[in-house]
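What follows is a short report on a single structure.
The values are calculated or read from the model by the stated rules, or taken from the named source; none is laboratory data. In this text the structure is predicted, and so the values were computed from the model without any measurement. Quick reminder, even Gly has a Cβ in these numbers, built from the backbone with ideal geometry, and neighbours come from all protein chains shown.
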Ligand SMILES: *Cc1c(COP(=O)(O)O)cnc(C)c1O
């Protein structure tokens with residue numbers, strides 16, 4: 001993976017001008033056309049650790065449209081591992097594009113009910129009890145390396161911190177990013193300057209345990225700076241929900257700025273920025289950076305023609 005600096009796009013709009021605030025977008029979505037930007041960063045050190053431990057297979061968890069699943073399939077293949085995806089829910093009659101691509105990257109998929117999924121998330125090694133797993137012939141669990149759903153964990157945070165290390169963020173006052181598990185945000189916090197304010201826009205509804213989950217990923221001295229905020233008001237109905245208001249907004253942003261956004265994460269974040277700027281949330285002279293964390297592959301869950309790109 002290329003960890004050079006990503007493109008930065010400056011957004012020119014009246015809603016920014018009137019508040020005397022600037023906005024740049026760090027285009028991690030351009031890092032790879034299928035695999036979303038932040039996932040490759042988060043996976044880097046998990047895969048390195050798996051190599052060091054002489055593992056042969058990577059096992060991880062996700063839903064049918066998971067950016068993490070497809071990214072893990074791709075990155076595992078690149079690094080010479082077999083990969084296994086435990087997919088939440090019954091096998092759909094028509095495979096999602098995400099699952100199809102994951103299979104193209106060589107991932108073997110095992111579908112489990114939501115109940116079993118919950119159990120496996122807690123006790124991943126119970127996977128050996130599944131018939132489908134036995135059929136894969138990976139009898140030796142010691143050769144398997146588990147990555148949590150969404151790549152949550154300190155090792156993921158270390159990789160995400162490289163977003164901040166490989167791009168020069170010193171000119172900005174605020175770094176704003178979408179939040180799922182909080183791993184990327186913790187990485188951004190780790191790599192930020194004390195003077196930065198880091199703002200996470202949660203894609204989920206009422207995920208109020210998030211702050212603690214982010215804090216758990218941070219060394220105490222960094223956690224103590226307390227220079228981050230989580231905002232929970234822009235979930236648009238919840239994770240995976242994308243009302244017409246949101247898809248219309250995505251089309252509007254694409255029309256005005258040629259900036260493609262995804263329906264799960266980055267569209268909610270861009271909407272939040274616009275709304276907060278309009279409400280005077282940021283002081284005059286603030287220099288905002290939005291991290292475009294990718295995820296565009298998930299847009300193919302929409303019917304054709306809903307989006308203009
Ligand atoms: C996974 C993902 C996120 C959330 O990352 P976390 O580290 O889980 O908070 C944000 N944006 C996109 C596009 C993603 O795919």
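General observations
- Of the helices (runs of 4 or more DSSP H) contained entirely in the range 55-172, those carrying at least 2 residues that are under 30 Å from residue 194 (Cα atoms) fall at 154-166.
- Selection of first residues in the range 283-296 that are farther than 19 Å from residue 15 by Cα and of second residues that are at pLDDT below 95 and away from the ligand (no atom under 11 Å from the Cβ), restricted to Cβ pairs under 8 Å at least 6 apart or on distinct chains, gives the following pairs, ordered by first then second residue: 294/31; 294/32.
- Inside the range 10-41, residues that are within 16 Å of the ligand (Cβ to nearest atom) and touching a strand residue (DSSP E or B) at 6+ places or on another chain (Cβ under 6 Å) make up a count of 5.
- Filtered by the rule that a residue be farther than 18 Å from residue 70 by Cβ and free of Cβ contacts under 8 Å to residues at least 24 places away in the same chain, the range 89-124 gives 90, 93, 115, 116, 118, 119, 122, 123.
- With a requirement of 2 or more residues that are touching a residue at least 12 places away in the same chain (Cβ under 8 Å) and buried (at least 18 other Cβ atoms within 10 Å of the Cβ), the helices (runs of 4 or more DSSP H) lying completely within the range 182-278 that satisfy it span 183-191, 210-216, 244-257, 266-278.
- Being within 16 Å of the ligand (Cβ to nearest atom) and in contact with a helix residue (DSSP H, G or I) (Cβ under 8 Å, 6 or more places away or on another chain) is a property that does not hold for residue 81.
- The requirement of being at pLDDT 95 or above and within 14 Å of the ligand (Cβ to nearest atom) is fulfilled nowhere in the range 137-144; no residue meets it.
- Residue 5 passes every criterion in (1) surrounded by fewer than 17 Cβ atoms within 10 Å (Cβ to Cβ); (2) out of contact with any strand residue (DSSP E or B) (no Cβ under 8 Å at 6 or more places or on another chain); (3) closer than 23 Å to residue 112 by Cα apart from (3).
- Filter result (more than 14 Å from residue 162 (Cα to Cα), in a helix (DSSP H, G or I) and touching a residue at least 60 places away in the same chain (Cβ under 8 Å)) within the range 15-41: 15, 16, 29
- Number of the exception - residue 177 against (1) within 12 Å of the ligand (Cβ to nearest atom); (2) in a helix (DSSP H, G or I); (3) touching a residue at least 40 places away in the same chain (Cβ under 8 Å): (2)
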